[in-house]
Structure formats: C-alpha cells, structure tokens
Amino acid sequence: MHPLSLINIIGNQSLLNESKNGLVNSEIVQEVIAKEIAIFSKGATVNVTEFMSELNYTIDDVKHDINSGDKDRAALVTILHPESVLLAAGMKKTEINELRGHISNRALADMLSVVIDDLAQQPNRDLQDKGYSKDAIGFIHQLAGQPDEVFNAIENNITRESLLMPLLQLSSELSRLRHHSLQCDLEHR
C-alpha cells in the first residue's frame, strides 16, 4: 500500500466516529487499514463494480483523470485505486507502474528539497566537515530553491556518480533528520 493511498481512508471519512466529530477507536482504525492493505496490495484483485459503488466516483471519472494530460493527477489516481480498477479503465500494467513510480519520485523530491534547502543555508566548511564532497556541495547549491529540478534529477534517473552520490548523501541526511524529529517528539510526550 502506497503511503499516499491513506488519502482514501481520510477522504472517505472511515476514521471518523458516527457523529463525525471525533475519531473511531484504534481497533476500527486497524480494521480499516487492514481492508485498504488487502485492496491495494500488489496483485490484489477486487470486484471493480463493488469497489466503485462504494465511491462517489465512476470508471469514467477514472478514465478522465488518467487521460487529463496532467501526469501528476494521473499518477495520483494510480495510487488511489487498486490495479484491477485501473486495468478496467484501460490502463496497461506498465503505465500503472510508471505513474506510481512518478508519484513516489515526486514525494521523494519534496522531502529532498527541504533537506537541500536546509543544507544550502549551512557554510560550505560545515558541509565538508559532514563529509560532503565539493561536487556534492555544488550540487546542493545548484538545486537549492529548485524543487522542480530536484524532481527532474530523480525522475531522469541520474546515473553520473558526481550527481548520484550527493542524492544518496542527502537521502542519508533526510533519514537522520527524520530520526532526530521522532526522538524530539518522544521527548516532548
């Protein structure tokens, strides 16, 4: 299940109690998530008619969104619907996989852009002390404030070592920051 598919759970208000003024208990949350995982697991098949009847959305709506010409919109549709619905809407498995990769790359680019912008604010000497090469530092400054360029770098499968290594270093930095953030959250509880 793609993390962004949790939008389905929130969008259909499955986690709200009957009066819609609070959340359901944790057991129901687990049931809802288990159901979503069963639907969205790779290779899972669902009854398309039954699935679509639970939504205020039709196969024609899915086709329209897929063929809208907006790649981000089409990619989002692929993570919000199980493969069997997308196949029924006329997509090929290769298209589904490509668009799901696209939306994952977009999410990664958004996260990396935040890290890059933060790193670009630091003095070059500090970055060198953290182990960043001169090429990596140049890459950081080149991409700072350029989220679309970060996305393009990821989407185009950068293979040049001088560019790939900084992305890997940034990914490592992102993991470190996420871990630090979780520790701070735990300390404040």
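The values are calculated or read from the model by the stated rules, or taken from the named source; none is laboratory data. From a predicted model like this one, the values you see are computed outputs, not experimental measurements. Please note: Cβ atoms are built from the backbone with ideal geometry, for glycine as well, and neighbour counts cover all protein chains shown.
Descriptive notes on the structure:
- A single entry from 99, 143 fulfils the requirement of being more than 30 Å from residue 47 (Cα to Cα) and either touching an Asp or Glu at 6+ places or on another chain (Cβ under 9 Å) or crowded, with 20+ Cβ neighbours inside 10 Å (or both): 143.
- Counted as qualifying within the range 19-97 are the helices (runs of 4 or more DSSP H) with 1 or more residues that are over 25 Å from residue 107 (Cβ atoms) and at pLDDT below 85, namely 26-40, 48-53.
- Positions within the range 100-152 being outside any helix (DSSP H, G or I) and either in the same structural domain as residue 76 (by TED's automatic domain parsing) or at negative phi (or both), in sequence order: 121, 122, 123, 130, 132, 133, 144, 146
- Looking only at the range 112-140, residues that are surrounded by fewer than 16 Cβ atoms within 10 Å (Cβ to Cβ) and under 19 Å from the mean Cα position of the chain (by Cα) come to 1 in all.
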